[in-house]
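Colleague: Before we start, here is the structure in question, set down as structure tokens.
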Amino acid sequence: MVRLDGGTFRMGSEEFYPEEAPVHHVALDPFWIDARPVTVRDFRRFVQETGHVTHAERAPDPALYPDADPALLVPGSLVFRKPPRRVPLADWRRWWAWVPGADWRHPGGPGTSVKGRDRHPVVHVAHADATAYAAWAGKALPTEAEWEYAARGGLDGARYAWGEEERPGGRLMANHWQGEFPWENRKAKGWEGTSPVATFPPNGFGLWDMAGNTWEWTDDFFTAAHEAAPSPCCAPRNPRAEDAAASCRPDEPGGDFPRRTIKGGSHLCAPNYCLRYRPAARQGEPVDTTTSHIGFRCVARER
């Protein structure tokens, strides 16, 4: 882990997506954060020692999905499937598929495995799985503010985790989509999908993969926008978003499930679709969801 001194920083952005605004000041106490995401090897040790069964390995409770096809209420997870040609970007179902049998051991579904992927970030983990791992390790999941402060690497207000330019000197700095999403992938340093942790340069705090590779769970419930804190003197200290009900979307299918904030973007983020491999980027992810592009890392707080 890496110890960060904390302090006051500017959180958010007003350049890209509305949920990232407004830019506001936040104050943080010192804390420790994992230098890299939790890997397949790390998670395997946790499962071997605890017997933990992940969300994706358990059949969904029919009572929670009263309108679902009973045939789909089996263990499984969402897997990215690259379409063979250009498709409209308005319908995510053209590249995401519910795959029975997909889980952290079988990231592409039955017949796939994590053999040779020990150093890749673990995926197909729900927020509850990440929380269980963190408790076992004597740690916690980061708040959104802690995660963003860490991702910025000391570059307060910078666009990317490494500065203002997407490719300084032409150098690819993160594992994000190369080509036209979702059908053309020219592969980042030869990797299609996740890459081993620390394949790309660390940020100014010595933290790896704070942009791209996999989205990462935080412990904050999602909010549609930040609350304004216009000056350092008014900055909230160690803020948390704790309103689960406000994070739901009851007007949408499955919207009764609370959403937690995920940060960092993934290997599926592309300039033509999802320019979210940046510290300020944020999305809300339902707590019942597992996918092939979400992982996590942990923090420890000083007492």
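The values are calculated or read from the model by the stated rules, or taken from the named source; none is laboratory data. Small disclaimer: the values here were computed from a predicted structure and weren't measured. Methodologically, a virtual Cβ is constructed for each residue, glycine included, from the backbone with ideal geometry; neighbour enumeration extends over all protein chains shown. Accessible surface is based on the protein model in full, side chains and every heavy atom, while ligands, DNA and RNA are left aside. Shrake-Rupley method; radii C 1.70, N 1.55, O 1.52, S 1.80 Å.
Colleague: Give me the percent relative contact order of the chain, please, defined on Cα pairs under 8 angstrom at least 6 residues apart. Write out the running numbers ahead of the final one.
Modeller: Numbers: 703 pairs, mean separation 81.8, N = 303.
Answer for the chain is 27 percent.
Colleague: Another one. Of 115/187; 139/189; 115/139, which sit over 22 Å apart, Cα to Cα? Walk me through the numbers on the way to the answer.
Modeller: Numbers: 115/187 20 Å; 139/189 32 Å; 115/139 27 Å.
Beyond 22 Å: 139/189; 115/139.
Colleague: At 1.4 Å probe size, with every protein chain present, just tell me what the per residue accessible area of the chain comes to in Å². Working shown, then result.
Modeller: On the way: 13770 Å² over 303 residues.
Averaged over the residues of the chain, the accessible area is 45 Å².
Colleague: Given an 8 Å cut-off on Cα distances and at least 6 residues of separation, report the relative contact order of the range 1-159 as a percent. Before the final figure, lay out the partial values.
Modeller: On the way: 207 pairs, mean separation 37.2, N = 159.
Rounded, it is 23 percent for the range 1-159.
Colleague: Enter the angle in degrees (range 0 to 90, nearest 10) between the Cα long axis of helix 127-136 and the first principal axis of the Cα atoms of the chain, meaning the one along which they spread out most.
Modeller: 70 degrees
Colleague: At a threshold of 8 angstrom on Cα-Cα distance, excluding pairs fewer than six apart, so keeping six or more, what relative contact order does the range 110-205 reach in percent?
Modeller: Computed over the range 110-205, the figure is 30 percent.
Colleague: To the nearest 10 square angstrom, how much accessible area does residue 1 have with a 1.4 angstrom probe?
Modeller: 90 Å²
Colleague: Residue by residue through the range 28-38, what is 3J(HN,Hα) from phi via Karplus (6.51 cos²θ - 1.76 cosθ + 1.60, θ = phi - 60°)? Round to whole Hz and write x for glycine and proline.
Modeller: Working through the residues one at a time gives 10, 6, x, 7, 10, 9, 4, 5, 8, x, 5 Hz.
Colleague: Test of the criteria: in the range 1-100, which chymotrypsin sites (Phe, Trp or Tyr not before Pro) are in a DSSP loop and have at most 16 other Cβ atoms within 10 angstrom of their Cβ? Numbers along the way, then the final one.
Modeller: On the way: sites: 9, 16, 31, 32, 43, 46, 80, 92, 95, 96, 98; in loops: 16, 95.
Counting only loop positions with at most 16 other Cβ atoms within 10 Å, the chymotrypsin sites (Phe, Trp or Tyr not before Pro) in the range 1-100 are 16.
Colleague: I would also like to ask the following. DSSP loop (so not H, G, I, E, B), at most 13 other Cβ within 10 Å: list which trypsin sites (Lys or Arg not before Pro) in the range 27-127 pass both filters.
Modeller: Working: sites: 41, 44, 45, 58, 81, 85, 86, 93, 94, 105, 115, 117, 119; in loops: 58, 81, 85, 86, 105, 115, 117, 119.
Of the trypsin sites (Lys or Arg not before Pro), the ones in loops of the range 27-127 whose Cβ has at most 13 other Cβ atoms within 10 Å are 58, 85, 86, 115.
Colleague: Can you list the HN-Hα couplings for the range 113-119, worked out from phi with the Karplus curve (6.51, -1.76, 1.60; θ = phi - 60°), rounded to whole Hz and with x for Gly and Pro?
Modeller: Those phi angles translate into 8, 9, 4, x, 10, 4, 8 Hz.
Colleague: Show me the trypsin sites (Lys or Arg not before Pro) within the range 175-274 that DSSP assigns to loop and that have at most 11 other Cβ atoms within 10 Å of their Cβ. Display every interim value, and only then the final one.
Modeller: Working: sites: 186, 187, 189, 237, 240, 259, 260, 263; in loops: 186, 187, 189, 240.
Loop-located and lightly packed - 186, 189.
Colleague: Are there cysteines in the chain with no other Cys C-beta under 4.7 Å, and if so, which?
Modeller: So, 233, 234, 248, 298.
Colleague: Right, something else. Over the chain, what percent of the accessible surface lies on carbon and sulfur atoms, probe 1.4 Å? Intermediate values should be presented prior to the final figure.
Modeller: Values: 7090 of 13770 Å².
About 52 percent, which is the carbon plus sulfur part of the accessible surface.
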